[in-house]
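A short worksheet on the structure shown next.
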Amino acid sequence: MHRSLSRRWADSVTKHWWLILLAWLVTAILIRLIAPRWDTVAYDGDFEYLPPKMSSVAGGRLLDRAFPGERARSEVVFVLGRDDGPLVKNDQVVGLDLLRRLYHRLSEVSWQRAIDYGYQGGVPDESNPAAHWVNLALESLGNSIDADKKFYELISDDVPDQAPTLTEPRMAIAYWDRGKLLELIGNSDEAVEKDFEAALILMPDLPTVAESINERPLTGWKPLLDILSWDDRVIGSRLRSERAKLAVLQLSNELAATANIKTIEALRQLIDDVIAYSGHRTDPGIRLLTTGSAAIGGETLMAARDAIRYTELITFVMIVLILALVYRAPLLVAIPMVSIVVAVLVSTSLVALLTGWSVNRTIPQLDMRIFTTSKIFIVVILFGAGTDYCLFLISRLREEASKAPWPVACRNALSGVMGALFGSAMTTVVGLGMLWIASFGKFHYTGPIIAICLLVGLLVCTTLTPALLFAIGPVAFWPSSVSTEVPKNLSLFGDSKNAGSSGGVWSLIALMLTRRPVLTLLLGLVVLMVPAIYGFRNEDAVTYDYSNQLNHSAGSRQGLRLLSKNFDIGEINPVTVLVVKQNATPRKDFEKQIRSLAKDIYTIDGVLAVRTADDPLGDFPPDRDMGLLTSDAWKRRALRSHRVAKRYFFSPLPELENRLARIDVVVDGDPFSIETAKRVSDLGKSLQAMTSEPDSVIADAQVLLAGTTPSIIDLRSVTLRDNRRIKIAVVLAVFAVLVLVIRRLGLCVYLIATVLISYYATLGLTLLFFKFAYGNDFVGLDWKLPLFLFVILVAVGQDYNVYLVTRIVEEQRKLGWLAALRRAVSRTGGIITACGLVMAATFFSMTASAWFPMVAHSLGIETESSGTSIRGIIELGFALGLGVLIDTFYVRTILVPSFVAAIGKRGNT
């Protein structure tokens with residue numbers, strides 16, 4: 001920022017300080033009142049923000065159109081089993097108690113969904129989507145009652161002597177609901193009365209306590225589409241083994257949708273109810289766990305929610321402690337904290353308000369989205385950067401106050417640091433803003449959102465903070481006083497009395513660096529290059545495995561381990577293949593073509609089963625002989641008429657009838673693993689090749705792949721491409737800002753080079769640390785880490801370089817290059833160190849979910865926690881904190897001053 005502009009800004013702030021205080025007070029109150037809450041407008045999920053042209057996205061949208069309202073985007077799998085042996089007979093009690101409750105919930109959701117489609121009574125018209133949900137509600141009520149009867153037979157000799165409820169000991173509400181639904185449909189009076197009578201026998205006061213179907217709260221259950229269980233007569237054999245049984249809940253939400261948090265909480269409550277009522281009726285060791293993509297996604301979001309909460313708390317505490325150690329003055333702790341809290345409040349409310357306007361089309365051209373996890377970056381970066389800005393300002397104010405009256409000192413201090421603050425802030429703003437060019441929606445929106453918040457933070461720290469300091473006066477330094485002596489350099493490490501006349505330990509460092517700058521520079525670069533080379537060679541050592549993001553104590557990971565011991569994981573996460581022919585084909589011919597295609601798919605490496613309308617469970621591969629009279633023939637015929645096959649494999653829409661076929665392919669391996677991704681990629685390539693063969697049954701057809709693994713493949717493809725583009729854009733943008741601020745081309749090139757080396761060194765050290773910490777469980781760093789680490793380190797890492805170099809340039813106007821360098825390092829060393837520690841502490845606070853609950857528990861403090869932590873946030877927090885420490889204590893302390901000294905000797909500064 002130009003010096004004259006800085007002076008005018010400082011004059012305006014100090015002259016109109018009371019207006020600034022009033023304006024910020026009014027702004028904070030008003031924007032908080034009118035802005036929506038963050039969580040009401042925040043989005044989540046990853047796959048929803050892939051580019052529309054990707055196969056998984058196009059396939060998902062086609063599924064939504066072809067099978068309206070019936071597409072399952074994710075699932076939760078209940079696993080009932082034992083680790084130490086086969087299930088015992090009494091385990092049926094727990095299983096039946098679970099099923100009767102689950103089926104009743106499905107009936108409630110289906111009934112409400114039918115009402116949403118306009119159903120009001122009578123026999124539903126099969127052409128109306130409501131018909132499917134009415135039929136499913138009725139079938140689910142029957143399943144609930146059947147399970148209830150079996151359950152009661154097993155516990156009839158041990159029924160608790162307590163007043164009955166809607167669901168204990170019998171599912172009285174299921175009988176009541178079925179009677180109501182049969183009455184609404186217009187079924188026989190005898191069947192209706194029979195169900196009502198049974199309900200009243202089980203619970204006489206039921207009519208007075210049962211809510212109507214429209215009034216029942218179904219929080220967490222609304223995404224439920226269907227339940228496939230081990231108790232199903234036709235498909236149950238595929239969902240049970242000697243040691244475990246499965247119940248699969250199909251959901252309409254994507255695996256990482258925010259609503260899955262409520263679903264997981266509802267399922268946990270259901271498990272608690274089942275175990276509390278039935279767990280003691282069987283042998284110890286029975287386990288009832290949930291897993292599946294939605295369970296993993298939901299627990300990941302819950303862990304992220306905990307991480308945000310802990311990060312905010314630890315960040316606040318750490319900054320207060322650091323400010324207290326630096327200043328030892330309560331008002332100099334309070335002023336930055338008030339400023340930063342205002343900045344966070346105003347900026348988060350502002351972006352939430354803008355997002356609300358964007359979603360509601362209040363401003364048609366506005367395109368903004370915020371995400372649940374975006375808030376953790378905003379809080380950390382605003383608290384860190386905001387505190388740094390305040391420290392820079394207060395440090396300069398201490399210097400100026402020793403030379404001039406308070407009003408003049410305030411004006412000179414603000415004018416003196418405005419250029420550095422603006423330059424350092426703009427490197428971060430521009431760097432983060434470059435994420436806008438990303439194709440992946442989460443990158444595309446998150447960077448600019450953080451940049452907007454940082455601009456608000458800069459505005460607060462250059463208006464509200466100096467206005468508060470001006471208003472409070474020199475008493476802000478109490479219990480210290482502002483003297484006319486040359487001020488000591490602020491540092492967390494104290495001052496070395498023998499190190500120098502004014503700068504303490506930093507004078508000694510400046511003196512040492514300028515004696516042998518070339519040797520210091522070369523040795524410094526060599527030391528940092530060792531981990532940097534390792535980081536550069538292993539930059540792609542990342543994982544897209546969502547299940548591996550949670551710690552081992554997470555319920556979904558425990559459930560996944562129990563499931564994988566007894567079943568093929570791919571069974572619950574098949575790849576959906578959509579075949580769309582250009583022209584409609586007679587139904588029988590179309591079915592014959594799909595059967596032929598299924599045989600071809602079986603020949604592809606890694607395919608375990610192919611599910612079609614002819615073989616809905618993939619039980620009958622081509623090499624399995626089966627005559628009309630074999631024992632399995634009835635099962636195949638039953639499967640074709642089962643609801644898992646109806647309206648599932650062929651679209652009922654007229655424009656897609658006899659043109660679109662859905663095939664589910666079970667692929668060997670964990671749906672989240674890279675090996676499975678390779679198999680699915682090969683499957684896609686093979687199918688695309690078939691469309692180019694004139695003799696193929698799918699010649700010239702469109703083939704799309706959807707499902708968890710195809711989505712991960714597309715996510716990896718998009719984000720890798722984004723990484724390359726964004727890194728180039730960030731480097732160029734930050735370099736441009738450095739040139740504008742510093743106006744030394746060679747020095748700017750060197751500063752960019754040092755931060756790149758710092759990034760790779762940080763990445764290498766982070767890899768080594770987590771390889772050691774995770775041991776055999778390490779499969780790679782979180783896929784988002786390299787990009788966010790790069791963008792934030794390249795942008796934020798220049799802050800301290802800008803502050804140091806601008807001070808060197810300022811001092812050179814009065815002193816020679818050597819004296820200017822020594823004075824700049826001496827005067828800024830302590831405060832930059834304090835700023836670096838503040839920023840590092842805020843980033844390290846992102847790791848709090850890994851250790852804070854244990855520390856709090858050991859101290860007897862109760863914390864509200866999901867009991868899980870998310871590795872991606874922990875890894876990123878560690879990496880960012882480490883990177884800032886390397887920049888603060890190594891790059892800025894050794895590499896930058898030694899380079900300036902080396903080129904200064906040659907007259908190049």
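Read-outs throughout are calculated quantities, based only on the coordinates presented, and are distinct from any laboratory measurement. Quantities reported herein were computed from a predicted structural model and do not represent experimental measurements. Positions of Cβ are generated from backbone atoms using ideal geometry, with glycine treated the same way; all protein chains shown enter the neighbour counts.
Observations
- The residues L660, L511, L455, when put in order of fewest to most other Cβ atoms within 10 Å, stand as L511, L455, L660.
- Electrostatic dipole magnitude of the stretch 72-291 [Cβ: Lys, Arg +1; Asp, Glu -1; Cα centre; debye, to 20]: 740
- Hz values of 3J(HN,Hα) by residue in the stretch 137-150 - Karplus curve (6.51, -1.76, 1.60), Gly and Pro given as x: 4, 5, 5, 5, 4, x, 5, 5, 5, 4, 5, 5, 5, 4
- Helix axis angle, 172-185 relative to the chain longest principal axis, alpha carbon, degrees: 70
- The stretch 256-385: C-alpha gyration tensor shape, a/c 1.5 cut-off, then a/b vs b/c: oblate
- Computed from backbone phi with θ = phi - 60° and the Karplus coefficients 6.51, -1.76 and 1.60, the 3J(HN,Hα) list for the stretch 711-719 is 5, 5, 4, 5, 4, 5, 4, 5, 6 Hz; x is used for glycine and proline.
- Divide the volume of the convex hull around the Cα atoms of the stretch 72-291 by the residue count and you get 132 Å³ per residue.
- Looking at the chain, the DSSP beta bridges with both ends there are about 90 percent antiparallel.
- Placed amide H near A609: partners under 5 Å, 5+ positions off or other chain: V666
- In the chain, helical runs assigned H by DSSP with n ≥ 4 each contribute -39500 (n - 2.57); averaged across all residues and rounded to the nearest 500, the mean residue ellipticity at 222 nm is -20500 deg cm²/dmol.
- Cα-based reach from K565 at 19 Å (exclusive), listing lysines while leaving out same-chain residues under 8 positions away: K245
- Ranking of Y103, Y49, Y648 by count of other Cβ atoms within 10 Å, fewest first: Y648, Y49, Y103
- Percentage, to the nearest whole number, of Cα pairs in the stretch 171-246 over 14 Å apart: 72
- Here's the list of lysines a cross-link from K814 could span, going by alpha-carbon distance under 20 Å and ignoring same-chain residues fewer than 8 apart: K403, K905.
- Most positive-pole-ward Cα, P86, S107, L50, against dipole of the stretch 2-133 from beta carbon charges: L50
- Charge dipole (debye, nearest 20) of the stretch 574-706; +1 at Cβ of Lys and Arg, -1 at Cβ of Asp and Glu: 640
- Partner lysines whose Cα lies under 27 Å from the Cα of K442, excluding those fewer than 8 positions away in the same chain, are identified as K53, K222, K262, K375, K678, K727, K784.
- Low-density loop positions, trypsin sites (Lys or Arg not before Pro), the stretch 313-397 - DSSP coil, at most 14 other Cβ in 10 Å: R328, R361
- Dipole magnitude (debye, nearest 20) for the chain, charges at Cβ of Lys, Arg, Asp, Glu: 5200
- By the beta-carbon count within 10 Å of each Cβ, the least crowded to most crowded order of K727, K245, fewest first, is K727, K245.
- Cα-based shape type of the chain, given that a ≥ b ≥ c are square roots of the gyration tensor eigenvalues and the cut on a/c is 1.5: prolate
- Whether the stretch 574-706 is rounded, prolate or oblate, judged on the alpha carbon gyration tensor where a/c under 1.5 counts as rounded: oblate
- Computed from Cα atoms, the angle from the helix 674-691 axis to the main principal axis of the chain rounds to 60 degrees.
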